[in-house]
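Asker: Please find one structure pasted underneath; my questions will follow.
Since every read-out is calculated from the coordinates, none of them should be taken as a lab result. Only a predicted model underlies this, so the values are computations on that prediction, with no experimental measurement involved. Here the Cβ is made from the backbone with ideal geometry for all residues, glycine too, and neighbour counts use every protein chain on show.
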Amino acid sequence: MSLTELATQLKDLKTATEKLHHVSHLLQIAPLKEREWFQLIEHKLLPQMQQDSFLIAAVVGGTNIGKSAIFNRLAGEQISSVSPLASGTKHPVCLVPTGFNDRHQLDDIFNSFELQKWADADEALQESDTDYLFWREAENLPPNLLILDTPDIDSDAMVNWDRADKIRLTADVLITVLTQQKYNDAAVKEFFRKAAAEDKVLMVVFNQCQLPEDEEYWPIWLETFCATTGARPEYLYLVPSDRTAVTENRLLFLEREYRQPGEAASQTTNENTTSSSDLATDLSQLKFQEIKLRTLQGSLKEVLHPQKGVSGFLTEIERVSQEFRVAAEKISTESVTQISDWPILPNSILVHEIRQWWKDHQTGWARNVQSVYDTVGAGITKPFKMLKASLGGETTSPLEEYRKRERAALLKTVEEIFKTLSWMRDSSSTLIRPNFEKALAGHDRAKLLERLKARHDAFDLKHDLKQVVHQEMSLFQKNNPEAYRLYQNLNQASAAVRPVTSVALFTLGWGPAGELVAPVVVPFVADFITGTVTAVAGEQAVTSTASSGIGFLQSKFQKLQDHFTRIRVQWMVELIKEELLGNLPGDLQQAASLNESPEFKQVEAALLELKQQMKTVEQSVN
């Protein structure tokens, strides 16, 4: 598997977790940026998997064992002093490829050091309490390789140990320089015990070997080194002792296979005598992806950790979401807002509108006859209307009277919902309480009521009424050829209809509709989450079993009443949701069912895919 493919999987997982965390805000869980697994994805794994990813190779070892000679060979030029009389490197030196600093921030990569541009080889040998890292570009370096020469890890100076530790933590691979004399020192072993505990990639280089005599001894040296440090080198090289080759910077690296006791030899090796003269090429090309995957393997395991990684994040959301749901269900069942006296449109208004619809839909002779009857009727009733007006003054139209009653019901409903929200706030758990506090804190009650009143006054009730009558009468006419019988018996049918409408408002959406409705006979149930209103009783309230006669007509008239009431209650629900509740009902239900959400499922799928890919990675690096 390539780094690019693995990076794609990680990007998908990162995006999915960000989406899930975004919709989980009501659960009050810790931000992603505070989670170690997310930091590893964002700041280590993804940056080091890009096409311009790179390796940091640090040359480490004790005093006067030829580290600088190895460093120079990697650099492809004479950089560090190689005199056996040299006092040793005091500060790390870093070589970077040409143009590297234009594409990357060295300060971020080596944030434990104060970076200085390196101009003189002796600068790294100077004593100083400041942790400097000297760097410069090296034109012979591969574009994806940074190399470090480090302070001696067996120095008497504690500051050297500290700087070497910082380099060890930063490096991807430790080029571990050992000799016959310097493989079993206490300070050396302590340094590499830490490296083994951190699961660092080790490339052991036995320097200054007398070959072929030392061929039989280096396995003993290596076994002792590994047994006392717990290290398991991934790669192993022998470097023959050759002063001329050091001076001319042409040291030869002979690759050997490291095998633990009892481990069989690899079929890919040829008598264990593979040679290479360019270690930099091995690092940057032949072994680059293998090393990179190996260095990232530890971080990937942290991301996939069942408790500390993404799985733990999902478990936390599932747990808190369930707690949220239990709390919300409990409070919802105890806090249904019921409006028991929602106003009913006067029958006279509905009768008048049906007659008007009938008139508009008559043609020819029938329409002329209807017009005559209307004219005669108006002439007969006009004197009585004039007399009533003169005795009682100007009267308000029935529709305006209905508007006033509906407005009163609306304002009463809002007051009840304020009480409900206050009760929810005071009675709910600490997990859910902040949501109600936020809803209540954002409103001035008096201003809200004025705003609702103004919007209600501006609404065209006549338009709603016309729409209801048109829909129901058109359907009735289509399905009932004798529809004229409803028109002939309007007064008789409407006289029998005296509904009392009650509305149950489920603020959170978890109300037990069946249990609640049965004993109190609530005709309408409104849900603030979906904005819908459901008729529970409907035309069953008035002789719905009748298939003919006046009972049948009464049920149809009742249906008109129900239809109008339903759309008015729905208008109120949408208005209150917009002006008062906002996204609160939907957000609460979303928070309580996050473990079933598409965002949750997407993270699960991305995580499963990454786990499967990790099996491939482990097989390739092991």
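Asker: Among the lysines, which fall within straight-line cross-link reach of Lys194, defined as a Cα-Cα distance under 16 Å, with same-chain neighbours fewer than 8 residues apart omitted?
Answerer: Lys166
Asker: Thr315 versus Glu123, label points 7 Å from Cα toward the beta carbon: distance in nm?
Answerer: 5.0
Asker: Any chance you could list P(r) for the stretch 1-66, counting all Cα-Cα pairs in 10 angstrom bins from zero, rounded to whole %?
Answerer: Computed distribution, short to long bins: 17, 36, 22, 15, 7, 3, 0.
Asker: OK, next. For the stretch 56-287, take every pair of Cα atoms, bin their distances at 10 Å starting from 0, and report each bin as a whole percent.
Answerer: Going from the shortest bin to the longest, the percentages are 8, 35, 38, 16, 3, 0.
Asker: Here's a follow-up. To the nearest 0.05, how large is the calculated FRET efficiency for Ala441 and Asp341 if R₀ is 30 Å and r is the Cβ-Cβ distance?
Answerer: About 0.45, to the nearest 0.05.
Asker: When you have a sec, figure out the Kirkwood radius of the stretch 96-195 from all distinct Cα pair distances and drop it here in Å to one decimal?
Answerer: Numbers: mean 1/r = 0.0668 Å⁻¹.
Kirkwood radius, the stretch 96-195: 15.0 Å.
Asker: How long is the gain from Asp464 to Arg355 if the chain were fully straight, where each residue apart is worth 0.36 nm and the alpha carbon distance is subtracted? Intermediate values should be presented prior to the final figure.
Answerer: Details: separation 109, 0.36 × 109 = 39.24 nm, distance 1.64 nm.
Residue separation times 0.36 nm, minus the Cα-Cα distance, leaves 37.6 nm.
Asker: Report, to one decimal in Å, the Kirkwood hydrodynamic radius for the stretch 13-165 based on all distinct Cα pairs. Mind dumping the intermediate values first?
Answerer: On the way: mean 1/r = 0.0569 Å⁻¹.
In the stretch 13-165 this quantity evaluates to 17.6 Å.
Asker: So for the stretch 56-287: antiparallel DSSP bridges make up what percent, rounded to the nearest 5?
Answerer: Details: 8 of 37 bridges.
Roughly 20 percent of the DSSP beta bridges within the stretch 56-287 come out antiparallel.
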